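Here is the structure we will look at.
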Amino acid sequence: MESLGDDLAKWLSNFRRAVIVGIGNPLRHDDGVGIEVVKELKGKALGDTILLIESESVPEDFVEPIVEFKPSHILIIDAALLGVEPGFAKLTSSSEISGIAISTHALPVQIFCSYLKKVTGAEVGLLLIQPENVDFGEGLSPELRRAVDKVVDVLLRILPR
């Protein structure tokens with residue numbers, strides 16, 4: 001997670017305002033990891049320069065509030081099959097994710113990211129986390145619960161307050 005912190009700090013170097021969007025389906029175990037990260041960040045005194053959104057599997061429903069917030073950065077957190085150990089987290093851009101199996105959503109994440117970049121001019125980053133189990137059911141696996149805690153710790157260390 002140290003390199004993740006370095007990557008996020010570099011990505012946020014010219015931060016003014018940020019939106020953090022948690023994507024996923026909480027009824028498919030680890031697919032809800034993005035939502036859990038955002039839930040954990042709520043109430044952590046992040047200030048008025050950060051907007052937190054739990055979009056579940058329909059992030060396109062939140063385009064209007066994202067645009068109205070006028071962010072310089074948009075961080076989308078989602079589960080993705082990266083072919084690594086469960087809980088591994090990676091910051092990437094939408095242009096780098098072709099060939100990565102992103103969780104199923106109404107609108108492909110790549111298209112959502114491209115649209116947000118076009119309408120906001122913001123830097124759009126994806127924080128992808130390898131799930132262990134995306135079968136139907138509720139609750140994160142122990143590995144993904146630990147990943148949520150680590151990602152939240154990293155974000156709280158580097159996000160401007």
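The values are calculated or read from the model by the stated rules, or taken from the named source; none is laboratory data. It should be emphasised that the depicted structure is a prediction, and the values quoted were computed from it without experimental measurement. Heads up, the Cβs are rebuilt from the backbone with ideal geometry, glycines too, and the neighbour counts pull from every protein chain shown.
Residues of segment 105-144 that are within 18 Å of Val19 (Cβ to Cβ), aromatic (Phe, Trp, Tyr) and touching a strand residue (DSSP E or B) at 6+ places or on another chain (Cβ under 9 Å): Phe112 alone.
For segment 43-96, the tally of residues that are charged (D, E, K, R), under 14 Å from the mean Cα position of the chain (by Cα) and within 18 Å of Lys150 (Cβ to Cβ) stands at 2. Which one of Glu64, Glu36 is part of a helix (DSSP H, G or I), exposed (fewer than 15 other Cβ atoms within 10 Å of the Cβ) and at pLDDT 95 or above? After applying the criteria, what remains is Glu64.
Scanning segment 142-161 for residues that are assigned to a loop (DSSP other than H, G, I, E, B) and crowded, with 17+ Cβ neighbours inside 10 Å turns up just one, Leu159. For segment 18-33, what are the residues that are buried (at least 22 other Cβ atoms within 10 Å of the Cβ) and not acidic (Asp, Glu)? Residues satisfying the conditions are Ala18, Val19, Ile20, Val21, Gly22, Ile23, Gly24, His29, Gly32, Val33. Within segment 127-141, residues that are aromatic (Phe, Trp, Tyr) sit with their Cβ atoms under 9 Å from residues that are part of a strand (DSSP E or B) and at pLDDT below 95, at 6+ positions apart or across chains, in these pairs: Phe136/Arg28.
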